[in-house]
Amino acid sequence: MPLQTAPYSISGRQYINGAWIFGRSTRKLDDRNPFTGEQLLAMSMASINDLNDAYAAAQRAQSDWAATTPAQKTELLNNLARVIERRTEEITSWLIKESGSTRIKASFECNASLNLVRECASMPFQVEGRILTSHKTGEQSFVFREPLGVVGVISPWNFPLYLSMRSVIPAVALGNTVVLKPASDTAVTGGLLIAHLFEEAGFPAGVLNVVVGAGSEIGDAFVEHKVPGFISFTGSTDVGRNVGRIATGGQYIKRVALELGGNSPMVVLDDADIEIAAHAAVVGRFLHQGQICMSVNRVIVDRKVYPDFAALVAERAEKLKVGDPNLADTVIGPVINQTQLDGLLRKVDNAHNAGLKLLAGGQPSGLVLPPHVFGEVPADQELALEETFGPLLPLVVANDEQHALALANAGDYGLSSAVFTKDMARGFAFSRKIVAGMTHINDITVDDQPNAPFGGEKNSGLGRFNGHYALEEFTRAHWVTWQAGGHNYPF
């Protein structure tokens, strides 16, 4: 029998310099289960002084951590993977009760996080330099990859564990230390739980620090602070614009990676297998209630196959199980909070007022909104034009392939995309004309693999995560030359 692991005691304290301390803000966090309304955590939030302490701790720890051997870093990352594996059910349970994840989605997120740590465990050995040809006689020229120093990470509530880890793990693997600010709605799964995992894995004090604070109190200071050399932000485009403005336009200019919103199109061409495409549309839109930046936000369907495709999508959507996210077969659980639900209901009302055809729908129960499918949605209607973070799916009709491509590229976003066709050459030709960071042929728009570049174009952000792309993001190039003797200087 395996040894039983006692669950973590989540105390509602900040994690700074390897110690659990009370936040010094007068603001309180009331963290609740979005399905049951049960209080999960009450805590004092972080103040500016707490933030300063966290950055100071990360700065003090960074040089020693950078000097830690690759073998030691790898050992600690492998320890972390073993801790996650051992605590999979505990982590999954927290994702369900704090973020409203269904068990399907929570299991997927936990497994993706584990795979990420395993992939990054070898990253300390992947750092390579270069020897350059020098223009100067007798000189040797080198390029080293160095850690950036301290990295500030701001993560969102929709995939809180994974989207925090996706920045934290490569940053730490490459010799940086981190201050992590999770979303208030997911303070545990986006931050405090990760701190417990790091602590159990044996990471030195100060390598990871977690501050749970209100954006209105510490958000700008988190970005403009003197200590971090790099800010990794995942969240909405509006907030991301402000993060980028502060990071690059303030007193201390720093690197920034922005993983922002999306309006991901899924295109169904006239030769697609519509059974497969309809199944993908429903999974790609309604996974985690549509609260995913790369979710299928609109389906663009060739007019020749639209009637049959729309009927199949509506039929599948109506059959999805709605309700308790902890049940194994539930597909649609609660949205994250009342504000989110209110915004979705406004969009539903607007769609009805605009005379859009409702192919599937239902009334909300608590924060659970049944899947909605609207047919023949005009391309300039808000459901098709804007990112909708919820279980609402618009179907847009295209006249032909050229029109479908124009619709796919319309708008200000360029994160993920998909195209369905039986012709491989046609699929590749079409996909390469889409202005997006990622395009999947005959698959959903939702995918994130630890060795593949993740990121967007246009207003969907800057930078790339994962694999050697992350290696370049979280290190800097340092040119160093060596000269054996003196030069013939001109004076």
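The values are calculated or read from the model by the stated rules, or taken from the named source; none is laboratory data. Since we're looking at a predicted model, the values are computed, not measured. Cβ atoms come from the backbone with ideal geometry, glycine included; neighbour counts cover every protein chain shown.
Matching residues to (1) touching a strand residue (DSSP E or B) at 6+ places or on another chain (Cβ under 7 Å); (2) assigned to a strand (DSSP E or B):
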| residue | (1), (2) |
| --- | --- |
| THR26 | no, no |
| PRO34 | yes, no |
| GLY37 | no, no |
| MET43 | yes, yes |
| ALA58 | yes, no |
| TRP65 | yes, no |
Exercise. From ARG346, ARG303, grab the single residue that is closer than 18 Å to LEU407 by Cβ, surrounded by fewer than 23 Cβ atoms within 10 Å (Cβ to Cβ) and not β-branched (Val, Ile, Thr).
Key: ARG303
Quiz item: Which one is modelled with the lowest pLDDT among residues in region 440-491 that are among the hydroxyl-bearing types (Ser, Thr, Tyr) and touching a Gly at 6+ places or on another chain (Cβ under 7 Å)?
Solution: SER460
Quiz prompt | Options LEU405, LEU471; residue that is in the same structural domain as ASN115 (by TED's automatic domain parsing) and in contact (Cβ under 8 Å) with a residue 12 or more places away in the chain | solution = LEU471
Quiz item: Is at least one residue of region 223-240 surrounded by 22 or more Cβ atoms within 10 Å (Cβ to Cβ), within 29 Å of THR92 (Cα to Cα), modelled with pLDDT of 95 or more and out of contact with any strand residue (DSSP E or B) (no Cβ under 9 Å at 6 or more places or on another chain)?
Solution: no
Practice problem: Could you look through region 136-186, keep only residues that are of a type in the set (Phe, Trp, Tyr) and in a strand (DSSP E or B), and pick out the one that is farthest from GLY486 (Cα to Cα)? | Solution: PHE144
Quiz item: Quick one: which of THR475, THR481, THR445 is touching a Lys or Arg at 6+ places or on another chain (Cβ under 7 Å) and among the polar types (S, T, N, Q)?
Solution: THR475
Quiz item: For region 163-197, how many residues are surrounded by fewer than 24 Cβ atoms within 10 Å (Cβ to Cβ) and of a type in the set (Ser, Thr, Tyr)?
Solution: 1
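Okay, residues lined up against (1) free of Cβ contacts under 8 Å to residues at least 24 places away in the same chain; (2) surrounded by fewer than 18 Cβ atoms within 10 Å (Cβ to Cβ):
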{"site": "SER417", "(1), (2)": "no, no"}
{"site": "ARG432", "(1), (2)": "yes, yes"}
{"site": "PRO450", "(1), (2)": "no, no"}
{"site": "TRP482", "(1), (2)": "no, yes"}
{"site": "TYR489", "(1), (2)": "yes, yes"}
Self-check item: Failed condition for ARG426, given (1) within 26 Å of ALA281 (Cβ to Cβ); (2) touching a residue at least 60 places away in the same chain (Cβ under 8 Å); (3) surrounded by 19 or more Cβ atoms within 10 Å (Cβ to Cβ); (4) in contact with a Leu (Cβ under 8 Å, 6 or more places away or on another chain)
Solution: (3)
